[in-house]
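What follows is one structure encoded as structure tokens, with my remarks underneath.
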Number of protein chains: 2
Amino acid sequence: MNKKLILKKRPVGLPDEDTWQLITEDIPSAGEGEVVIKNHYISLDPAMRGWINDVKSYIPPVQIDEVMRAGSIGVVIDSKHDEYKEGDILTGWGGVQQYYTTKGEGHYKVDTTHVPMTKYIAALGMPGMTAYFGILDVGRIKEGETVLISGAAGAVGSVAGQIAKIKGCHVIGIAGGPDKCGYVTNTLGFDACIDYKNENIYKAIKNHCPKGIDVFFDNVGGETLDAALAALRKHGRIALCGAISQYNATDVYAPKNYLSLLVNSATLQGFIVLDYAHKYKEAAMQMGMWMMEGKLKTEEDIYEGIENFHETFLRLFSGDKRGKLVLNILEQ
Amino acid sequence: MNKKLILKKRPVGLPDEDTWQLITEDIPSAGEGEVVIKNHYISLDPAMRGWINDVKSYIPPVQIDEVMRAGSIGVVIDSKHDEYKEGDILTGWGGVQQYYTTKGEGHYKVDTTHVPMTKYIAALGMPGMTAYFGILDVGRIKEGETVLISGAAGAVGSVAGQIAKIKGCHVIGIAGGPDKCGYVTNTLGFDACIDYKNENIYKAIKNHCPKGIDVFFDNVGGETLDAALAALRKHGRIALCGAISQYNATDVYAPKNYLSLLVNSATLQGFIVLDYAHKYKEAAMQMGMWMMEGKLKTEEDIYEGIENFHETFLRLFSGDKRGKLVLNILEQ
């Protein structure tokens with residue numbers, strides 16, 4: 001049988017268990033031009049919180065009674081498709097379900113001979129692409145600049161900061177707790193990491209970036225963004241990647257220090273990784289190269305069982321995870 | 001004798017009369033390499049409010065007991081300078097004083113044969129330059145785009161909107177009251193103007209820009225900025241020129257809708273006209289051409305008497321003026 005998670009109601013604030021419902025159906029079969037995919041791993045990302053709000057955004061919201069949207073990777077188990085055959089590994093928008101059919105739109109085939117499957121929904125998938133284009137194209141980092149990264153131990157921030165190191169920047173992370181901060185400096189090689197749970201973030205930024213910040217890559221929003229705005233240098237750039245502190249907020253924390261952009265001729269720029277789809281291949285090749293050279297370290301935090309979707313999803317917001325959050329939804 | 005206005009204390013909120021003091025001194029004489037300038041007109045600009053706060057900004061704050069900083073234009077009445085001679089008209093940072101000496105730094109000579117003096121501290125001076133580089137270089141307007149301008153009847157907004165019209169954009173202004181709105185549409189030729197004093201700004205923007213805004217040129221901040229953020233189109237740009245609604249605020253209105261930048265891959269970019277000093281000449285030539293061709297209409301609202309600086313300055317914030325606010329400080 002096929003277990004799938006459907007959206008049952010729109011949450012206000014942090015989603016509770018009633019937000020989704022796990023249902024069971026027959027395993028679908030392939031129509032003409034289709035494949036059946038058995039989903040192994042799904043990607044859990046902060047952006048998913050936005051997809052279940054009923055508001056106009058960069059993609060349509062998930063509808064009530066629809067399968068919850070998620071990036072995923074799985075194996076073709078049946079094919080009436082010209083290009084894909086049984087055994088092929090495909091990644092795409094498979095959703096939180098164990099089996100599904102697709103004509104292949106938005107999917108592509110990957111080679112898992114030397115690279116574990118999970119990397120394709122992590123550093124070589126959306127989170128990695130987000131980091132790559134956000135830090136290089138939006139942040140426009142230059143050698144010698146001071147770069148601040150929030151969510152530094154997360155799937156995107158950890159990669160963005162390492163790319164900034166590769167490019168010769170002075171890189172400061174922000175993460176929650178001594179364990180994550182240790183990971184950010186010792187394993188990922190950032191120059192320093194601010195523990196926002198135990199430090200005053202304004203003072204800590206001043207301390208680590210005495211001349212101010214050239215580029216801020218923001219995954220967090222809220223007071224973190226305000227503190228970074230206050231420390232921006234002339235012609236500073238903020239790559240607005242996410243605002244995880246605000247996704248469940250019923251009352252948004254608005255950035256009081258936004259006029260720092262004016263007096264510093266600085267830029268706050270939002271971006272969506274989907275805008276860069278035409279360049280994913282180039283980025284994935286470069287990232288793969290850095291991984292092989294040992295310059296880019298990535299980690300997946302893998303949980304088990306489609307039944308545990310809700311509690312695993314909440315780890316995105318509690319911060320109780322490290323690196324890329326992944327759920328293995330294969331039946332054990 | 002020489003009347004000069006000095007800063008006496010730093011205001012909290014809207015400056016009161018005790019902020020400045022008018023003092024009288026002897027008229028200075030020219031030292032070696034200097035000229036004495038008799039100041040005719042000074043420019044009154046919202047940015048002046050920021051210059052009297054004791055905070056780090058793009059230029060140092062005016063110090064207590066220093067002459068109040070202001071752009072100005074006047075006549076050389078004595079010269080020991082190689083380049084400038086008696087009778088030359090110079091514009092520069094003369095400050096709120098009737099006479100001063102300078103070696104000429106930050107000053108340049110202008111020709112008033114065909115152009116009234118006041119234009120050189122208005123459309124052909126800082127406000128005009130601000131509009132020109134803000135709308136073209138920061139806003140990066142393209143033909144056919146929808147452009148929204150706040151402070152549309154003001155010195156900068158009126159010029160920015162007309163440039164957008166010249167470049168083939170659909171241009172909507174925002175101004176206070178039916179008189180100003182009539183001026184913006186009838187005289188300046190904007191396609192429409194929203195009266196923020198009598199209309200709901202969110203609804204009015206939706207009404208006039210049904211497909212959303214490509215470029216917002218913001219002089220106002222506060223709720224106006226929030227309403228524009230809510231209506232931004234994909235890849236929208238906001239040229240953050242000023243925030244006159246916030247300059248006297250003791251509690252800043254922060255933009256709640258800033259995450260619109262994220263979902264729309266949009267940009268909020270501050271700028272300072274001083275960054276473009278190397279291109280002023282090119283811009284002034286282009287603006288002068290448009291003025292001669294009748295494509296660019298500009299207006300100065302001129303008040304009289306250095307004694308009336310304080311009450312005239314307050315017109316910037318009450319909105320009780322139209323076009324560029326200028327004070328004639330020549331003794332009558």
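FYI, it's all coordinate maths here, none of it is from the lab. Just so it is clear, the structure is predicted and the values come from calculations on it, not from any experiment. As a convention, Cβ positions derive from the backbone with ideal geometry for all residues, glycine included, and neighbour counts pool all protein chains shown.
For segment A:238-248, check the following and say yes or no: at least one residue is more than 9 Å from every other protein chain (Cβ to nearest Cβ) and surrounded by fewer than 17 Cβ atoms within 10 Å (Cβ to Cβ). Checking segment A:238-248: at least one residue is more than 9 Å from every other protein chain (Cβ to nearest Cβ) and surrounded by fewer than 17 Cβ atoms within 10 Å (Cβ to Cβ).
Screening segment A:42-144 for strands (runs of 3 or more DSSP E) wholly inside it with 2 or more residues that are within 14 Å of chain B (Cβ to nearest Cβ) and not basic (Lys, Arg) returns no ranges.
Residues in segment A:250-284 that are at the interface with chain B (Cβ under 7 Å from one of its Cβ atoms), assigned to a helix (DSSP H, G or I) and aromatic (Phe, Trp, Tyr): 0 in all. Mind listing just one residue for me: the one in segment B:63-96 that is in contact with a helix residue (DSSP H, G or I) (Cβ under 8 Å, 6 or more places away or on another chain) and not small (Gly, Ala, Ser) and, of those, farthest from B:TRP20 (Cα to Cα)? It comes out as B:ILE89.
Scanning segment A:290-332 for residues that are of a type in the set (Asp, Glu) and either in a helix (DSSP H, G or I) or touching a residue at least 24 places away in the same chain (Cβ under 8 Å) (or both) yields A:GLU299, A:GLU300, A:ASP301, A:GLU304, A:GLU307, A:GLU311, A:GLU331.
Does any residue of segment A:161-181 turn out to be under 30 Å from A:ILE37 (Cβ atoms) and part of a helix (DSSP H, G or I)? Within segment A:161-181, not a single residue is under 30 Å from A:ILE37 (Cβ atoms) and part of a helix (DSSP H, G or I). Considering only segment A:193-212, I want to know if a residue exists there that is touching a residue at least 24 places away in the same chain (Cβ under 8 Å), surrounded by fewer than 24 Cβ atoms within 10 Å (Cβ to Cβ), within 14 Å of chain B (Cβ to nearest Cβ) and touching a Phe, Trp or Tyr at 6+ places or on another chain (Cβ under 8 Å). No: segment A:193-212 contains no residue that is touching a residue at least 24 places away in the same chain (Cβ under 8 Å), surrounded by fewer than 24 Cβ atoms within 10 Å (Cβ to Cβ), within 14 Å of chain B (Cβ to nearest Cβ) and touching a Phe, Trp or Tyr at 6+ places or on another chain (Cβ under 8 Å).
Does B:PHE313 satisfy the criteria of being surrounded by 16 or more Cβ atoms within 10 Å (Cβ to Cβ), among the aromatic types (Phe, Trp, Tyr), within 14 Å of chain A (Cβ to nearest Cβ) and within 30 Å of B:GLY13 (Cβ to Cβ)? Judged against the criteria, B:PHE313 is not a match. Return yes when B:THR224 is within 9 Å of another protein chain (Cβ to nearest Cβ) and β-branched (Val, Ile, Thr) and no when it is not. So B:THR224 fails the test.
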